[in-house]
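Q: This is the structure, below, for whatever I ask next.
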Amino acid sequence: MEVVSLNNGVYLLISPKGKRLFCFVSDTCFRYFTPDTGHSYCVTSFPPVSEGVVVEEGEAGVIFSYEGNEVVIQDDLSVSASYLGTSYLKLEPRGHQEAEQGSELAAKEGHGGHLSTSAKGGIRIEVNAPVYGLGERTGPLDKRGYDYVNWNTDDPSAHVDTFKSLYQSMPFCMAHRGENSLGVFLDNTSKTHFDVNKTDPDAILIDYEAGEPDFYFFVGTIQKIIADFTLLTGRSQLPPYWALGAQQSRWSYADAREVESVIDGYREKDIPLSTVYLDIDYMSAYKDFTVDPNKYPDVKQWLERLAKESIHIVPIIDAGVKAEEGYDIYDEGIEKGYFCMLNGEVYHNEVWPGDSVFPAFLDPKVRMWWATKIKRMLDLGFSGIWNDMNEPASFKGPLPMDVIMGEGVPHSLAHNVYAHHMCMAGAQGFALAAKRPFQLTRAGYAGTCLYASSWAGDNQSIYDHLRMSLPELMNMSMSGQSYVGVDIGGFGGDSTPELLTKWAIASIFNPLYRNHSALGTLNQEPYLLKGDYLRGYRNAVMARYEILPTLYDELFLSESNGSIALRPLVYNFPEDERTHNENTEVMLGDSLLLAPALFPGQSKRSCYFPATFLRVEDGTRYEKGDHVIGVDLLDMPLFIREDGLAVFAPKGNRKAAPSSTLRLVWGGKKARCYHYEDEGDGLGYKKGEYNLYELEVSEEEGVRITPLYEGFKSRYKKLVVDVPGGLHMEEDLS
Ligand code: GLC
């Protein structure tokens, strides 16, 4: 095999089997791709390592080494790699593959085989270890035994374990082997397949249908791999503090009056609320960027009034634009040539407004134009943007593969990043309005979390989906999407009071805490609940409002160092095999654990504690191991590590805003954590207007607050330390 150094840290390999490019991205990451690979939609400027790489041509093939990472590429383009002497990757290329015989016939009846479409090429990685990542997926936390397709899909039927794709694409996964874990990212936006130890129990098979094999391989712990992957593709950004509060939505509240009755309902039943969403009916005839004046007569004034009451309103924006002459967005887009094209003509399909066209978001000019419209909404007083139907969804069959979605890119390659670019446009809108972004998106790709948070689409009001939400969100989080949630109570179908209440409790760690339901379903606003259901839901929201500072801390850390907020137990206890496929418990940060009820009638459950934990509500102590815990509707199954520390809001807090009391909930054994403080909104923190503290508490030394960075006038006046069921201490800080 011939090796040509391209002098920028990239090496060209010419073998009888084809050409490949190779470079190290860091000591723990390398890229393996082809000369035909185009530019990436999510990896922005990542200079290859250009100094210190040693290249040797040995019998086994070409050996690239850099700081302990050794990668051997053979003539047949297979790769083996080791880090500090331990092997972490064994890869063989796979050529073109035809669809399995008969699979098309089976697909007609809705049965999909592994290869229902033919693949251009792929790889086989020999590995058999717990697999995490792949973003928004049905099925268990450990993905082995399933195969997934990356093709953003709006399928309204009930999501079940065997679903191959949902709304988002995330061609990234990790095989967990401690220090020697392997991360794989296939930066290819075509339809790609990840067969995770399913057809081949000893291997992960990855195929792509178009485009090029642009692979990144990571080595390290799963924590390090997530941080490296998000450094490459983009990290979830700190949302405004209010966006962590309780959010209410429904398709659709009829008008301003009904929205106010929702706000009143919350108030009357003393349940905190920060945000209400406006679903599609707030628009005139489902036209983006319009507000129906009959339903919202003086929207600017109305939004101003609600803002004074700390209520934020977030409207939906759909990808499909109504094709109607005289509608400014349509007219301008047509005049400027800003819509997707097919065979030289503007492409039409149907979405909510009927006949619709689709902005060609891959074109930067289109994004800038869209951004000015987003700014218009923000200037009007809306607090955020909810992007929907951006797979893009279409009612008259899927968009043909050759629809051009901007910059000449065909749908076959643009589909999975269409929403990604819509969110980029939205983020530009927030920048123009000089606001801290709060954008929600249904569809997305690797790196979309840099621009928007996500909810996991149209789930159903069924216990299966309550249970599914935990591994689904944990794997989104393990794919670097830190700010995520699901529709609490379920979107489709009618929730029951018990399911709704259990869902509210099980979701208190979900960074996005939104109750949402579909048109035609029973109303599921919590204030409609009675008795213990109402009390249980309120308790859940109150618990949520106590842990807001920890959530905010974790989301800051996520943006700054690539850690994640919502965590599977394996993230914190990687060596403990019992955590490797734990689907019913979740953690927030290093210290907090939630083990909610997930079945009807369930008032007790077994819970595995990977260390000693204390129940926050009464201090009951559980040593490492299995225990039966109470999970009644009125119980809060929230635990803190004995050697854990987390910042809480004062008891009874009802505000989704930073507090002047620094309250530490402490497990009682020497512990430390980071804490972040800023304005709670705005862009000041990007200019350094924030404080970062290291907090340490121990019996011997008490509380130690060490500022690691100071750029903000602290608002803290009082320090409180609480050990569940024990010590309570207060101290003046002013
Ligand atoms: C889609 C969204 C859902 C929304 C509905 C109407 O189904 O996923 O959240 O309520 O459209 O806009």
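Q: Can you tell me the dipole magnitude for the stretch 645-732 around its Cα centre, using point charges on the Cβ only (Lys, Arg +1; Asp, Glu -1), in Debye to the nearest 20?
A: Details: 14 positive and 15 negative charges, 68 e Å.
Around 320 debye, computed over the stretch 645-732.
Q: Put R663, R94 in order of accessible area, largest first, 1.4 Å probe: what do you get? Provide the component values of the computation, followed by the final result.
A: Working: R663 15, R94 65 Å².
Correct descending sequence by accessible area is R94, R663.
Q: Go through Y690, Y418 and list them by solvent-accessible area, largest first, probe radius 1.4 Å. Numbers along the way, then the final one.
A: Working: Y690 45, Y418 0 Å².
Output order, biggest surface exposure first: Y690, Y418.
Q: Residue farthest toward the positive end of the dipole of the chain, with Cβ of Lys/Arg at +1 and Asp/Glu at -1: which of V723, L232, P130?
A: Of the candidates, V723 comes out farthest on the positive side.
Q: Kirkwood Rh over Cα pairs of the stretch 314-420 into Stokes-Einstein at 20 °C, 1.002 mPa s: D in µm²/s? Kindly include the intermediate steps, with their values, before the conclusion.
A: Details: Rh = 13.9 Å.
Translational D for this selection: 154 µm²/s.
Q: For N128 paired with N294, estimate the spin-label separation in nm (one decimal), with each label point 7 Å from Cα along the Cα-to-Cβ line.
A: Result: 6.5 nm between the two label points.
Q: How many Å² of accessible area per residue for the stretch 384-446, probe 1.4 Å? Before the final figure, lay out each step's value.
A: Values: 1600 Å² over 63 residues.
Accessible area per residue: 25 Å².
Q: How much net charge surrounds L633 when only the other residues with a Cβ under 15 Å from the Cβ of L633 are counted, with Lys and Arg +1 and Asp and Glu -1?
A: +1
Q: Roughly how far apart, in whole Å, are the Cα centres of the stretch 629-652 and the stretch 397-441?
A: 40 Å
Q: How big is the chain by the Kirkwood estimate over distinct Cα pairs, in Å?
A: Values: mean 1/r = 0.0377 Å⁻¹.
That comes to 26.5 Å for the chain.
Q: May I pose another question? Normalised by the number of residues in the stretch 568-637, what is the relative contact order in percent for Cα pairs under 8 Å and 6+ residues apart? Present the calculation step by step, with values, prior to reporting the outcome.
A: Values: 105 pairs, mean separation 17.5, N = 70.
Over the stretch 568-637, the number comes to 25 percent.
Q: Another question about this same structure. Summarise the accessible area of the chain (1.4 Å probe, protein heavy atoms) by the percent that is carbon and sulfur.
A: On the way: 13120 of 26430 Å².
Here carbon and sulfur together make up 50 percent of the probe-accessible area.
Q: Here's something else I'd like to know. Under 16 Å from the 7 Å Cα→Cβ point of E67, by amide nitrogen: which residues of the stretch 23-52?
A: 23-31, 46-52
Q: Want the number for S560 to T706: 0.36 nm per residue separation, take away the alpha-carbon distance, what's left?
A: Working it through step by step, the gained length comes to 50.7 nm.
Q: Roughly what would the spin-label model give for E577 and S50, points 7 Å off Cα along C-beta, in nm?
A: Reported label-point gap for E577 and S50 is 4.8 nm.
Q: With a probe of 1.4 Å, find how much accessible area the stretch 2-233 has per residue, and write the answer as a whole number in Å². It would help to have the intermediate numbers written out before the result.
A: Working: 9080 Å² over 232 residues.
Heavy-atom SASA per residue in the stretch 2-233 reads 39 Å².
Q: How many angstrom lie between the C-alpha centres of the stretch 653-706 and the stretch 10-61?
A: 43 Å
Q: Find the Cα radius of gyration of the stretch 645-732, compare it with 2.2 N^0.38 Å by division, and give the number to two decimals. Each step should come with its number before you reach the end.
A: Details: Rg = 13.4 Å, N = 88, 2.2 N^0.38 = 12.1 Å.
Taking the Cα Rg and dividing by 2.2 N^0.38 Å, one obtains 1.11.
Q: Fully extended, how many nm does the chain gain between D632 and E730 (0.36 nm per residue separation, minus their Cα-Cα distance)? Can you show the working numbers first?
A: Working: separation 98, 0.36 × 98 = 35.28 nm, distance 3.13 nm.
Gain in length upon complete extension: 32.1 nm.
Q: Taking 1 over the mean of 1/r across every pair of different Cα atoms in the stretch 568-637, what Kirkwood radius in Å do you get? Write down the numbers at each step before the final one.
A: Values: mean 1/r = 0.0803 Å⁻¹.
One over the average 1/r among Cα pairs gives 12.4 Å for the stretch 568-637.
Q: Put a dot 7 Å past each Cα toward the Cβ at K336 and S78; how far apart are the dots in nm?
A: Reported label-point gap for S78 and K336 is 5.3 nm.
Q: Anything over 18 Å Cα to Cα? Flag those among K686/K717; K308/K651; K19/K120, in the order listed.
A: Values: K686/K717 25 Å; K308/K651 24 Å; K19/K120 16 Å.
The answer is K686/K717; K308/K651.
Q: In square angstrom, what is the accessible area per residue of the stretch 568-637 with a 1.4 angstrom probe? Walk me through the intermediate numbers first.
A: Working: 2740 Å² over 70 residues.
Per-residue value: 39 Å².
Q: I need the calculated FRET efficiency for the pair M368 and R305, taking r as the beta carbon distance and R₀ as 30 Å, to the nearest 0.05. Don't skip to the end; give the middle numbers.
A: On the way: r = 32 Å, r/R0 = 1.07.
Rounded to the nearest 0.05, the efficiency is 0.40.
Q: Can you list the HN-Hα couplings for the stretch 399-412, worked out from phi with the Karplus curve (6.51, -1.76, 1.60; θ = phi - 60°), rounded to whole Hz and with x for Gly and Pro?
A: So the J values, rounded to whole Hz, are 5, x, 5, 9, 5, 8, 10, x, 6, x, 7, x, 3, 4.
Q: Enter the accessible area of H39 (Å², nearest 10), with the probe set to 1.4 Å and all protein chains included.
A: H39 exposes around 140 Å² with every protein chain in place.
Q: Provide S606, S734, S190 ordered by accessible surface of protein heavy atoms (probe 1.4 Å), highest first.
A: Sorted by accessible area, descending: S734, S606, S190.
Q: If you take every residue apart from E391 with its C-beta less than 13 Å away from the C-beta of E391, what net charge results, scoring Lys and Arg +1 and Asp and Glu -1? Could the numbers behind the result be given before it?
A: Working: positive: K191, R442; negative: E136, D154, D155, D318, D388, D458.
In short, -4.
Q: Now for a separate question. Over the Cα atoms of the stretch 2-233, what is the Rg over Rh ratio if Rh follows Kirkwood? Spell out each step's value before the answer.
A: Numbers: Rg = 17.6 Å, Rh = 18.2 Å.
Checking Rg against Rh, the ratio lands at 0.97.
Q: Work out the charge dipole of the chain with +1 on the Cβ of Lys and Arg and -1 on the Cβ of Asp and Glu about the Cα centre, then indicate which of Y241, G326, S558 is farthest towards its positive end.
A: Result: Y241, furthest along the dipole toward the positive end.
Q: Between the stretch 203-240 and the stretch 309-379, what's the alpha-carbon centroid distance in Å?
A: 31 Å
Q: Got a number for the accessible area of E268? Probe 1.4 Å, square angstrom, nearest 10.
A: Rounded to the nearest 10, the figure is 150 Å².
Q: Let me ask something else about it. Kindly report, to the nearest 10 Å², the accessible surface of K651 as traced by a 1.4 Å probe over protein heavy atoms only.
A: About 150 Å², ignoring ligands and nucleic acids.
The values are calculated or read from the model by the stated rules, or taken from the named source; none is laboratory data. This one's a predicted model, so the numbers in the text were calculated from it and none came from an experiment. A quick note on method: Cβ atoms are made from the backbone with ideal geometry, for glycine too, and the neighbour counts reach across all protein chains shown. Each accessible area value is taken on the protein alone, full model and side chains, heavy atoms only, with ligands, DNA and RNA left out. Shrake-Rupley method; radii C 1.70, N 1.55, O 1.52, S 1.80 Å.
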